[in-house]
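The structure appears below as structure tokens.
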Amino acid sequence: MYFSRKAQQPPESDVDGDYLGVDSRPKATPERALGDFTTTNKILPLVPLALVVGALGAGISLALLDMIGFFTNLFYYGRVSVALVSPNANTLGALAAVIPIAGGLIVGLIARFGSEQIRGHGIPEAMERILINGSRVAPRLAILKPISSAISIGTGGPFGAEGPIILTGGAIGSIVGQLFRLTAAERRSLLVAGAAAGMSAVFGTPVAATLFGVELLAFEFKPRSMVLIGIASATADGLRMVMATAGLVAPQPLFPVPAHLPLGGITLLGAAAVGVITGLGAWVMTQAVYGFEDLFGRLRGRLHWMWWPLIGGAIIGLGGLVDPRALGVGYNTIHSELLGRLSLGALALLFVVKLVIWSGGLGGGTSGGILAPILMMGAALGGIAGHVLPGATTGVWALIGLAGSLAGVTRSPFTAIVFAFELTHDQNSLLPLLVAATVSHLVSVLILKRSILTEKVARRGFHVMREYSVDPLEATFVREVMDTEIYTLDADKTLADVYREIGEGSPARRQRLYPVLDGTDRTIGILPWSTVLGGKDDATSQVADAMITPVAVAYPDEILRGVADRMASHNIGVIPVVDRRDPDQLRGLITQFDLLSARQKLLEEERHAERVLSLRRSTRPPR
């Protein structure tokens with residue numbers, strides 16, 4: 001028989017009554033029990049772990065900077081010191097070209113006999129650990145990655161320290177997470193917390209580091225991840241400030257710039273132009289890195305990849321002879337750009353040389369980060385544009401170009417804006433930074449399928465979606481999609497009778513599950529179609545003998561996410577919908593196909609275009 005019940009309507013209002021003494025307190029409905037977030041107090045035991053990860057991440061990060069300083073001083077100046085210096089003041093002459101080659105050879109040997117995972121710039125590797133390995137990182141990577149990166153950068157490699165630190169900090173977070181009984185999602189949050197702590201400790205940018213972790217690495221925007229990332233970043237920066245007070249690290253901000261008046265008017269148009277330039281520059285930088293990677297890939301089978309960093313070192317060494325400012329981390333060069341101290345020719349030469357040796361070194365598989373080089377090249381592009389754009393100094397335009405390039409290359413515009421601000425504390429540039437980062441992000445998204453970070457992940461056979469939105473399953477109730485016109489069974493019928501009634505050709509055949517009702521329309525069990533099909537010739541067994549108790553039920557007033565999780569955990573595709581107050585009262589059925597209705601509604605909102613308002617000329621005759 002067919003069962004039909006009108007779908008339960010949403011409650012009329014949370015508040016009833018009028019001003020005549022009727023109770024107007026809010027109703028206690030299941031809908032009101034739903035919260036904005038799914039995070040529970042299970043996050044609280046993770047907070048102390050985030051503090052530990054933040055402290056360890058800061059310690060590892062600052063130790064890496066010391067190692068970079070040690071190797072730079074040793075190879076270029078022949079002295080023992082951990083002070084972070086630039087290689088470009090060396091007096092070795094042409095012999096300086098040999099040092100990056102030696103560094104590449106050492107890194108190649110470490111990768112060959114230690115861990116191949118040290119190759120690359122760190123962030124895609126961290127993303128890969130999250131995507132395919134349950135956020136588990138081998139402990140030896142936390143040792144080999146910073147050592148190899150310090151050697152690579154200390155021997156003139158034109159890379160940043162932040163990429164290796166992000167991977168190393170992530171490894172620390174993962175190792176801490178592996179010591180406790182945690183889920184893969186919780187380990188992921190700690191991994192990203194460690195990565196953000198490392199970035200915060202290096203640059204003194206805790207807010208930008210938190211945004212970077214959320215925008216790029218966490219693959220979600222939930223309190224579970226954001227809270228732990230923020231706590232770790234703040235902890236790392238707090239320790240950095242203590243060390244700065246003791247004179248162990250540079251004080252904040254890393255790149256102080258002169259104060260100026262707020263920028264607006266024609267400067268915003270110029271910022272949009274810089275956004276277009278840096279968006280196109282993001283395409284150039286991405287193509288250069290993977291172009292060199294493809295060139296080195298052609299050597300596969302002819303020359304072992306262990307020797308590729310040596311070739312990359314030769315490219316770096318020759319480039320360093322052309323423009324020594326392009327060597328090393330280059331924080332002093334970036335600061336000079338932001339202060340407007342480099343001429344137009346110097347900026348152009350710096351951009352070209354840095355682009356070639358950076359992409360050549362990365363393509364060869366050496367170890368080093370990408371953020372500092374992006375900052376340097378972006379500042380060069382902004383400074384070049386600043387020689388013709390009005391409304392601001394060349395240094396300010398370099399800052400705008402820095403933010404635009406970071407937004408375009410990494411597809412993380414909020415991180416780029418806050419990062420530029422925290423590096424300089426130049427609050428009067430925030431509006432042009434917003435314009436440049438937004439426009440650059442738009443240009444990059446339109447002309448590049450993937451960023452420089454996700455391209456490497458894609459080349460390894462995985463896909464990263466960078467768009468985050470509310471899951472339609474979280475915003476749709478069961479009552480909105482459930483089927484209320486369903487076929488039910490009487491308990492005293494035989495299986496053969498049931499098969500004859502709902503066999504091929506019957507409208508009831510579309511169901512995969514049949515509720516069994518008693519004489520008062522109360523649910524006493526369910527009968528799957530597979531049981532009906534198996535008993536099509538059984539004229540003795542009754543429905544009451546073959547029916548089963550449902551392993552899961554749904555309620556009209558719950559959201560679809562819970563139903564989808566229930567279906568997945570029990571490996572079923574259809575469940576009955578019952579009344580929450582009286583579970584024996586059937587309300588309908590919901591299938592896995594009904595869950596798609598929520599997605600269909602979202603697609604209609606995104607694809608269906610209509611003109612809601614129109615401006616029409618009045619045809620009313622004048623009075």
Once the dipole of the chain is set up from charges on Cβ (+1 Lys and Arg, -1 Asp and Glu), the residue from the list 73, 544, 363 lying farthest towards its positive end is 73
Percent of all Cα-Cα pairs per 10 Å bin for segment 175-259, counting from 0 up to the last occupied bin, reads 20, 43, 26, 10, 1, 0
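How large is the Rg to Rh ratio of segment 472-607 when both quantities use alpha carbon positions and Rh follows Kirkwood?
A ratio of 1.01.
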Going from the fewest other Cβ atoms within 10 Å to the most, one would list 468, 514, 487, 77 as 468, 77, 487, 514
Taking 204-213, 287-296, 562-571 and ranking on average Cβ neighbours within 10 Å, highest first, one gets 204-213, 287-296, 562-571
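Give, in nm to one decimal, the length gained when the segment between residue 446 and residue 470 is fully stretched (0.36 nm per residue of separation minus the Cα-Cα distance). Each step should come with its number before you reach the end.
On the way: separation 24, 0.36 × 24 = 8.64 nm, distance 2.30 nm.
Length gained between residue 446 and residue 470: 6.3 nm.
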Cross-link reach from residue 493 to aspartates and glutamates, straight Cα distance under 15 Å and at least 8 residues apart if same chain, gives 501, 518, 537, 538, 545
Ranking 160, 235, 52 by how far each Cα lies towards the positive end of the charge dipole of the chain (+1 on Lys and Arg Cβ, -1 on Asp and Glu Cβ), the top one is 160
Share (percent) of C-alpha pair distances in the chain greater than 44 Å works out to 37
Counting sequence-distant residues (5 or more places) and residues on other chains, those with an amide H built under 5 Å from that of residue 367 are 120
Ranked on Cβ counts within 10 Å of their own Cβ, fewest leading, 243, 482, 465 go 465, 243, 482
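Tell me, in nm to one decimal, what length is gained between residue 179 and residue 570 on full extension, where the rule is 0.36 nm per residue of separation less the Cα-Cα distance?
Working: separation 391, 0.36 × 391 = 140.76 nm, distance 3.03 nm.
Between residue 179 and residue 570, full extension yields an extra 137.7 nm.
Two decimals is fine: what's Rg over Rh for segment 252-345, C-alpha atoms, Kirkwood radius as Rh? Mind dumping the intermediate values first?
On the way: Rg = 18.8 Å, Rh = 17.1 Å.
Ratio of gyration radius to Kirkwood radius: 1.10.
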The size of the Cβ-based charge dipole (Lys, Arg +1; Asp, Glu -1) of the chain about the Cα centre, to the nearest 20 debye, is 2020
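Can you list the equivalent-ellipsoid semi-axes of segment 43-245, largest first and in whole Å, using the square root of 5 times each Cα gyration tensor eigenvalue? Walk me through the numbers on the way to the answer.
On the way: eigenvalues 193, 67, 30 Å².
Result for segment 43-245: semi-axes of 31, 18, 12 Å.
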With segment 496-575 reduced to its Cα atoms and the Debye formula applied, log10 I(q)/I(0) at q = 0.25 1/Å amounts to -1.24
Flagged as over-length at 31 Å C-alpha distance, from 222/601; 42/456; 145/449, the pairs are 42/456
Among the DSSP H helices of the chain, those whose Cα atoms extend at least 27 Å along the helix axis and whose mean Kyte-Doolittle hydropathy is -0.5 or higher are 46-72, 184-203, 223-245, 266-297, 344-363
Working note, segment 382-468: Cα radius of gyration (Å, one decimal) and Dmax (Å, whole number) are 14.3, 47
For 344, 280, ascending order of other Cβ atoms within 10 Å (fewest first) is 344, 280
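Rule-based calculations on the coordinates, nothing more; no lab input. Every value quoted in this text rests on a predicted model; they were computed, and no experiment measured them. Cβ atoms come from the backbone with ideal geometry, glycine included; neighbour counts cover every protein chain shown.
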